[in-house]
1. With (1) among the hydroxyl-bearing types (S, T, Y); (2) surrounded by 11 or more Cβ atoms within 10 Å (Cβ to Cβ); (3) modelled with pLDDT under 90 as the list, and T42 as the residue in question, which single condition is left unmet?
2. Pull out all pairs, ordered by first then second residue, where Cβ-Cβ is under 7 Å, the residues are six or more apart or on different chains, the first lies in the stretch 6-22 and is touching a residue at least 12 places away in the same chain (Cβ under 8 Å), and the second is surrounded by 10 or more Cβ atoms within 10 Å (Cβ to Cβ) and of a type in the set (A, V, I, L, M).
3. Just the residues that are assigned to a helix (DSSP H, G or I) and of a type in the set (G, A, S), please, taken from the stretch 21-64.
Amino acid sequence: MFTVALIFYFFFIIGYVAFATALIYHVRMFAIPEDPLHTFVTPFITLSLVLAILSFYFFLRVPWDTFTI
């Protein structure tokens, strides 16, 4: 069960990274330099990394031996 959950978890993380990368790319390419709204990219990356680390920590804390298929 752990292996199946780990595969799904990594697919989720890969999708999240793809969407976050697309968002960052489009903000950097198409934002007006004088616009202060494009400065949210750094807090977004920081918060995303913190949440990804927390999600991996909680993923490892799940008692996988108690689940059966």
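The values are calculated or read from the model by the stated rules, or taken from the named source; none is laboratory data. The shown structure was predicted, so the numbers you read here are calculated from the model rather than taken from an experiment. Heads up, the Cβs are rebuilt from the backbone with ideal geometry, glycines too, and the neighbour counts pull from every protein chain shown.
1. Of the numbered conditions (1) among the hydroxyl-bearing types (S, T, Y); (2) surrounded by 11 or more Cβ atoms within 10 Å (Cβ to Cβ); (3) modelled with pLDDT under 90, the odd one out for T42 is (2).
2. Short answer, once both residue conditions are applied: I13/A52.
3. Selection gives A22, S48, A52, S55.
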